[in-house]
Ligand code: NAD
């Protein structure tokens, strides 16, 4: 029997719990968790992601502030602003929406965000903690995927998991997290040969490339679990990397696009803001 893992439904449930948690924290500390999002330039995709994040914060009682900066902001000006936010005691989470304009070094920006306020989990030390299995802030998309798999009690132990895509924000960290769940992980990328063969022997396939219909019905083994991270616009409609209609009847679980990994990424971000707040205010 095939089941759709709805990130939208799961998010609704988790966000209700976050809302209760936030309300309790506010009455205990008399402080409000506060996320600051820095948006540079006017990339429409970034603008809409920021809008969703702001809306989600409001839904659970997290305060959010969006700082809109012109594309022409210098690297030094941005770093100075981040340092100011690092020192601001009313701020618990700092998120710089990526990508940044070419004249700004993303690594320098990420390295400048204070570890305790790194709600995206992109700081090299947070990624290092994750790699070592120590407590840290996990990147939102991989964290959301693990939450989805766990919500369905999908047993990953000893299973062959194939991640297609090796980005720093999805593929690489997800490999570590799936390994922690005792899956046997393979990571495919643009230079991988025989992708179909690798897909066919996998119990779990995660597609994170950004190419519509990369994963087709003939590439999926019956009963596999398919997680679609891709976001592509085709004929003005959002689709993932998986040929959803053709694949869905062959698998045991699948995530839709939209309404799958996307909402769970934002829900994981909310969890990270609360985690940062607790670490700053309760310890
Ligand atoms: P990216 O765009 O940085 O890189 C793409 C990856 O795909 C690379 O690692 C590349 O090696 C690999 N690749 C390219 N062509 C390939 C091929 N033919 N076969 C196998 N691998 C190939 O990756 P990203 O930032 O992780 O984004 C991937 C997709 O996921 C995009 O569509 C993006 O919009 C989406 N995304 C969605 C969410 C969400 O919350 N839903 C979050 C992050 C990214």
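DSSP finds beta bridges in the chain, and of those with both partners inside it, around 10 percent are antiparallel. Only helices enter this figure: runs of n ≥ 4 DSSP H residues, each worth -39500 (n - 2.57), summed and divided by the residues of the chain, yield -13500 deg cm²/dmol at 222 nm to the nearest 500.
Taking only alpha carbon atoms, segment 136-179 gives an Rg to Rh ratio of 0.95, where Rh is the Kirkwood radius. Does segment 28-79 classify as rounded, prolate or oblate by the C-alpha gyration tensor (a ≥ b ≥ c root eigenvalues; a/c under 1.5 gives rounded; else a/b over b/c gives prolate, otherwise oblate)? Verdict is oblate for segment 28-79. The tail of the calculated P(r) for segment 183-269 beyond 18 Å holds 41 percent of all Cα-Cα pairs.
Mean separation of Cα pairs under 8 Å and 6 or more residues apart, divided by the residue count, gives segment 165-272 a relative contact order of 21 percent. Ignoring solvent entirely, what values of log10 I(q)/I(0) come out of the Debye formula for the chain at 0.08, 0.17 Å⁻¹ when each Cα is a single scatterer? Values returned for q = 0.08, 0.17 Å⁻¹ are -0.34, -1.41. When Rg and the Kirkwood radius Rh are both evaluated on Cα atoms of segment 1-97, their ratio Rg/Rh stands at 1.07.
Semi-axis lengths, largest first, of the ellipsoid equivalent to segment 126-256 are 23, 16, 14 Å, with √(5λ) applied to each eigenvalue of the Cα gyration tensor. Based on Cα contacts under 8 Å between residues 6+ apart, the chain shows a relative contact order of 22 percent.
If the chain between residue 191 and residue 71 were fully stretched, how many nm would it gain, using 0.36 nm times the residue separation less the Cα-Cα distance? Can you show the working numbers first?
Working: separation 120, 0.36 × 120 = 43.20 nm, distance 3.34 nm.
Here the segment from residue 191 to residue 71 would lengthen by 39.9 nm.
Take the alpha carbon gyration tensor of segment 56-211, find the square roots of its eigenvalues, order them as a ≥ b ≥ c, and report rounded if a/c is under 1.5; if not, report prolate when a/b exceeds b/c, else oblate.
Judged from the Cα gyration tensor, segment 56-211 comes out prolate (a/c at least 1.5, a/b above b/c).
Among 81, 148, the ranking by other beta carbons within 10 Å of each residue's beta carbon, starting with the fewest, stands as 81, 148.
Judged by the ratio a/c of the largest to the smallest principal axis of the C-alpha gyration tensor, segment 57-133 counts as oblate, that ratio being 1.5 or greater while a/b is no larger than b/c. Between 138, 214, 174, the residue with the greatest mean-square fluctuation in the GNM of the chain (Cα pairs under 10 Å linked by springs) is 214.
Histogrammed with a bin width of 5 Å, the alpha carbon distances of segment 145-213 distribute as 4, 17, 29, 27, 16, 6, 1 percent, first bin at zero.
Give me the distance between the Cα centres of segment 91-131 and segment 242-266, rounded to whole Å. Cα centroid to Cα centroid, the span is 29 Å.
Read-outs: derived from the displayed coordinates by stated rules, not from any lab. On a predicted model such as this, the values are computed, not experimentally measured, just so you know. Backbone-built Cβ (ideal geometry, glycine too); neighbour counts: all protein chains shown.
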